[in-house]
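J.: Before anything else, here's the structure in question.
A short reminder: the numbers here are calculations on the coordinates, not readings from a lab. All values derive from a computational prediction rather than experimental measurement. Quick reminder, even Gly has a Cβ in these numbers, built from the backbone with ideal geometry, and neighbours come from all protein chains shown.
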Amino acid sequence: MDNPLTALDSSSRDRTIAINSYTTVLRHPKVPYALFADYWRDVHGPLCSRIPGLGWYVQYHFAREHDAHLWPQVEGIAPLPGYVLDGAVEIGFGGAADQQRFKAASSLLFTDEQNVFEETLCYDLPQGSTTYVDYLADPCPNDTYPLDRVHVHFHGEAGESDAFHAFLSEQLAPTIAGDPAIIKLRLHLPSPYDNAHPNPPAPGVKHEAPAARLHLAMLELVFESALARRQFFNSATFRQATRGLAKHARYVTPFSVSGVFTYVRNGELTLAGRRGSRSAQLIYQLGAINQIAPEVLELF
C-alpha cells in the first residue's frame, strides 16, 4: 500500500465546506454489526451521495472494541456513562442554497435510516468546522488503512457554549495541532442540539438527546499508530493543551475509528459514491483502470 502521508499540510482544502453537520449514529440492536456496516457503506452511502446539493459526505465507522487508552483521564473528567456509538457522519455544503436543495430532497434518504439505525442525532454547524492540520495525501479516504484515528466528544454545560468553544478553539486545538505526532486535527463546534426540533426527521428512528449530549464538541485526531498516540498523551504539549479543561467540559468520551469512507468531495461523486465503498476498494486493489474510464463512469 502507498504511504498515505505527505509532507504538505493540506488543511486549506476543507475551506470549501462553508456549512456542515456532524451526525452521531447508533445501529439498531436487532441488526448484526457486519450487516449494519455493509448496508451503511454500500446501500445507504451511495443513496445519500446522490441527493442534490450535497458537497461533502464522509462516513466514520466506530469500533466497539479497542485499546483502553484512546484518551487519558484529564483532571478527573471521565467518559459519559453509557455513551455508545457505532459511527458518525459529516455532511457539508458549499453554501446555504445547496443545503436547502439537499433538505428539500432528503426524505428519500431519511426513510432509509430505519433499516439499520436505532438513533441518529444531527448537530448543525452553520459556520462550518475547522481543520487545523491535515498531512494526509488522499483527500477522499475510502479505507481501513492502519492509521490511528480517534473522535473525541467533549460534553459542555448549558449556557456555557461561548467559553466552552473558545477554550477548545483557542487553546486545546491549536496547541495540539502544533505537535509533530498529529497527522490530522479537525474541530467541530456545533450549535446545541434542540430536542424541540428533532434532526434529522427520519421516521422510526430516535432523535432525542439526553441533557449531557445537548452541548457537544467533536475533535477528529489522526496519529500514525496507537504507540504515537500514547506517547503524545504523555507529552508536555498535551498537558499544556488540556490544562483547565475541567472548567469547560463535564465529560470527555473518545471513539476509535475503524474506517473512513468518502462519497462526495467538492460537490463531485467519488468512486465510492458512484459504485459503493467496497466496489471502489476492489477497483483500486486490482488496478482495474477500465472501471474508471469516462465512458464506464457515465454508466453509473
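J.: May I ask you to list the aspartates and glutamates whose Cα is less than 12 Å away from that of Lys30, ignoring any residue fewer than eight positions away on the same chain?
T.: Cross-link targets: Glu118.
J.: Can you work out the PRE-style zone for Arg278? Point 7 Å along Cα to Cβ, and I want the residues of the range 285-299 with backbone N under 19 Å.
T.: It comes to 285-288, nothing else.
J.: Using alpha-carbon pairs under 8 Å, 6+ residues apart, how would you state the relative contact order of the chain in percent? Write down the numbers at each step before the final one.
T.: Values: 604 pairs, mean separation 90.7, N = 300.
The value is 30 percent.
J.: Length gain on complete extension for the stretch Glu208 to Ala163, per 0.36 nm per residue less the alpha carbon to alpha carbon distance? If you can, show how the numbers build up before the last one.
T.: Working: separation 45, 0.36 × 45 = 16.20 nm, distance 2.51 nm.
So the chain would gain 13.7 nm between Glu208 and Ala163.
J.: Here's a follow-up. Once you charge only the Cβ atoms, +1 for Lys and Arg and -1 for Asp and Glu, what is the size of the charge dipole of the range 11-297 about its Cα centre, to the nearest 20 debye? Please list the in-between numbers first.
T.: Working: 24 positive and 29 negative charges, 35 e Å.
Once rounded to the nearest 20, the dipole reads 160 debye.
J.: For the range 40-150, divide the Cα radius of gyration by the Kirkwood radius and give the resulting Rg/Rh value with two decimals.
T.: Values: Rg = 16.4 Å, Rh = 16.7 Å.
The Rg/Rh ratio comes out at 0.98.
J.: While we're here: Pop the C-beta distance of Asn234 and Ala96 into the FRET formula with R0 = 35 Å and round what comes out to the nearest 0.05. Working shown, then result.
T.: Values: r = 44 Å, r/R0 = 1.26.
The formula returns an efficiency of 0.20 here.
J.: Additional query: For the range 107-188, evaluate the Debye formula with one uniform point scatterer on each Cα (no solvent term) and list log10 I(q)/I(0) at q = 0.11, 0.12, 0.26 Å⁻¹, rounded to two decimals.
T.: -0.46, -0.55, -1.31
J.: Could you put Tyr83, Tyr132, Tyr123 in order, starting from the residue whose Cβ has the fewest other Cβ atoms within 10 Å?
T.: Details: Tyr83 15, Tyr132 19, Tyr123 24.
Ordered by Cβ neighbours within 10 Å, fewest first: Tyr83, Tyr132, Tyr123.
J.: Grab the beta carbon distance between Gln73 and Asp38, set R0 = 25 Å, and tell me the FRET efficiency rounded to 0.05. Please list the in-between numbers first.
T.: Values: r = 35 Å, r/R0 = 1.40.
My answer for the efficiency is 0.10.
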